[in-house]
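A.B. asks: Quick one: structure below, then a few questions.
The values are calculated or read from the model by the stated rules, or taken from the named source; none is laboratory data. Everything numeric in this text was worked out from a predicted model, so none of it was measured. Here the Cβ is made from the backbone with ideal geometry for all residues, glycine too, and neighbour counts use every protein chain on show. Keep in mind that these areas ignore ligands, DNA and RNA; they rest on the heavy atoms of the full protein, side chains included. Shrake-Rupley method; radii C 1.70, N 1.55, O 1.52, S 1.80 Å.
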There are 2 protein chains.
Amino acid sequence: MRYPWWQHRLYKAGYRLTNPRQVVINILKNTDKHLSAEDIYVDSLKINSSIGLTTVYRTLDLFQQIGIVQKFDFGEGKARYELIKNPIKKEHHHHIICVKCKEIVDYTDFLNEELELINKTEKALSEKYQFKILHHTVHFYGMCSKCQAT
Amino acid sequence: MRYPWWQHRLYKAGYRLTNPRQVVINILKNTDKHLSAEDIYVDSLKINSSIGLTTVYRTLDLFQQIGIVQKFDFGEGKARYELIKNPIKKEHHHHIICVKCKEIVDYTDFLNEELELINKTEKALSEKYQFKILHHTVHFYGMCSKCQAT
DNA sequence: ATTGACAATGAAAATCATTATCAATAATAG
DNA sequence: CTATTATTGATAATGATTTTCATTGTCAAT
């Protein structure tokens with residue numbers, strides 16, 4: 001394929017390639033953090049100072065719908081976004097979230113053991129419920145050591 | 001124990017038993033839906049017309065922190081709440097969410113197969129990352145059949 | 001039963017992430 | 001290169017959640 005995978009997805013779904021979309025992709029590609037729309041907007045201004053926050057929101061929403069980006073809600077009152085990682089690759093991870101201070105810990109333990117189950121589940125669910133599944137999340141919620149002390 | 005489990009948790013964590021808290025618990029106990037704060041507020045008015053929306057929010061947040069209630073963010077722009085279900089019991093379930101129309105499907109398939117892995121993971125994570133884990137979520141995101149057609 | 005300390009409440013205003021509106025601009029087809 | 005649309009950006013609007021603060025309720029100790 002002559003285009004990057006995400007560009008393929010854009011075209012295949014009938015959307016155009018624009019500068020704001022490239023900028024957002026690049027920002028996400030170059031971080032391993034979970035960025036909020038605001039974070040991405042601020043970063044995007046460094047590259048193209050005319051990009052609007054609205055466009056960032058629209059772009060992230062679009063990317064999420066065509067399966068380029070994963071949207072996370074950790075209960076902070078705002079969403080965070082990440083490029084979808086291949087579950088087979090190392091970058092794939094899950095999260096532990098403190099219900100009090102909202103600290104987020106990424107973990108990669110047991111992902112191999114989980115992979116088979118997830119694949120099996122994903123396959124069965126997409127047939128049974130007629131969903132085209134794009135990605136999944138596993139979140140453990142609890143209280144971090146600091147907040148337990150309080 | 002002479003008190004219901006949730007009441008124990010309240011007292012153990014140093015909180016008082018109040019009418020609004022009882023009302024919120026009762027509403028959650030008598031539904032299998034994922035209610036929003038507003039939903040719960042509306043229902044609570046039928047029981048005690050002087051309860052405020054603010055208190056509902058505060059109560060849900062408190063319950064979430066002491067492990068009575070599970071807070072869900074399905075990406076609708078508002079949170080939903082549910083009493084924590086015992087993973088061993090039948091009521092425990094996970095979710096499939098349409099990234100476009102936000103339809104939420106509960107599923108209980110493969111939960112038995114999952115149980116062992118979840119328990120093992122939960123134990124290991126709580127030791128490794130020093131979290132007191134209260135509950136977990138598994139979400140599959142995709143596009144429902146209706147939205148695929150559009 | 002009464003009281004005092006302080007947790008909890010409710011009303012209203014404030015905050016803040018996200019979305020709608022709409023005229024201007026840019027990307028692709030032909 | 002031009003026409004046709006998708007896309008954009010500025011702004012205003014929305015709506016869920018939080019803050020503030022004066023009032024009230026809970027519970028342990030009288």
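A.B. asks: Collect the residues in the range A:49-68 that are more than 8 Å from DNA strand C (Cβ to nearest atom), among the β-branched types (V, I, T) and over 22 Å from A:W5 (Cα atoms), keeping them in residue-number order.
C.D. replies: Scanning the range A:49-68 gives a single hit, A:I51.
A.B. asks: Now for a separate question. Of everything in the range A:20-57 that's assigned to a helix (DSSP H, G or I) and within 14 Å of chain B (Cβ to nearest Cβ), which residue is farthest from DNA strand D (Cβ to nearest atom)?
C.D. replies: Here the residue is A:A37.
A.B. asks: Tally time: how many residues in the range B:71-85 are of a type outside the set (D, E, K, R), closer than 14 Å to B:H135 by Cα and within 14 Å of DNA strand D (Cβ to nearest atom)?
C.D. replies: 2
A.B. asks: Follow-up question, since we're still on this one. List the number of the failed condition for A:I96; all other conditions in (1) part of a strand (DSSP E or B); (2) within 9 Å of chain B (Cβ to nearest Cβ); (3) under 30 Å from A:T18 (Cβ atoms) hold.
C.D. replies: Unmet for A:I96, out of (1) part of a strand (DSSP E or B); (2) within 9 Å of chain B (Cβ to nearest Cβ); (3) under 30 Å from A:T18 (Cβ atoms): (3).
A.B. asks: Scan the range B:1-29 residue by residue and report those that are of a type in the set (D, E, K, R) and surrounded by 12 or more Cβ atoms within 10 Å (Cβ to Cβ).
C.D. replies: Result: B:R9, B:R21.
A.B. asks: Okay, next question. I'd like the full set of residues that are aromatic (F, W, Y), within 13 Å of DNA strand C (Cβ to nearest atom) and either at positive phi or part of a helix (DSSP H, G or I) (or both), limited to the range B:1-19.
C.D. replies: B:Y11
A.B. asks: Quick check, is B:A149 more than 7 Å from every other protein chain (Cβ to nearest Cβ) and small (G, A, S)?
C.D. replies: yes
A.B. asks: Looking for whichever is on the phi > 0 side of the Ramachandran plot and of a type in the set (D, E, K, R) here; the options are A:K85, A:K102, A:K128, A:K120. Which one fits?
C.D. replies: None of the others qualify; the one that does is A:K102.
A.B. asks: Among the candidates A:L115, A:L134, single out the residue that is assigned to a strand (DSSP E or B) and either touching a residue at least 12 places away in the same chain (Cβ under 8 Å) or within 7 Å of another protein chain (Cβ to nearest Cβ) (or both).
C.D. replies: On inspection, the qualifying residue turns out to be A:L134.
Residue-wise test of (1) touching a helix residue (DSSP H, G or I) at 6+ places or on another chain (Cβ under 8 Å); (2) within 27 Å of A:K78 (Cβ to Cβ).
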| position | (1), (2) |
| --- | --- |
| B:Q22 | no, no |
| B:K46 | no, no |
| B:D73 | no, yes |
| B:I84 | no, yes |
| B:K100 | yes, yes |
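A.B. asks: If you don't mind, there's one more thing I want to ask. Can you tell which of A:D61, A:D32, A:D39 is open to solvent by 50 Å² or more (accessible area, probe 1.4 Å), within 24 Å of A:F110 (Cβ to Cβ) and not assigned by TED's automatic domain parsing to the domain that holds A:M143?
C.D. replies: None of the others qualify; the one that does is A:D32.
A.B. asks: In the range A:64-88, how many are in a loop (DSSP other than H, G, I, E, B), buried (at least 19 other Cβ atoms within 10 Å of the Cβ) and polar (S, T, N, Q)?
C.D. replies: 0
A.B. asks: Here's another thing I want to ask about it. Residue check, B:H92 against (1) assigned by TED's automatic domain parsing to the domain that holds B:Y15; (2) open to solvent by less than 60 Å² (accessible area, probe 1.4 Å); (3) more than 9 Å from DNA strand D (Cβ to nearest atom), all met but one. Which one?
C.D. replies: Going through the list (1) assigned by TED's automatic domain parsing to the domain that holds B:Y15; (2) open to solvent by less than 60 Å² (accessible area, probe 1.4 Å); (3) more than 9 Å from DNA strand D (Cβ to nearest atom), B:H92 breaks only (1).
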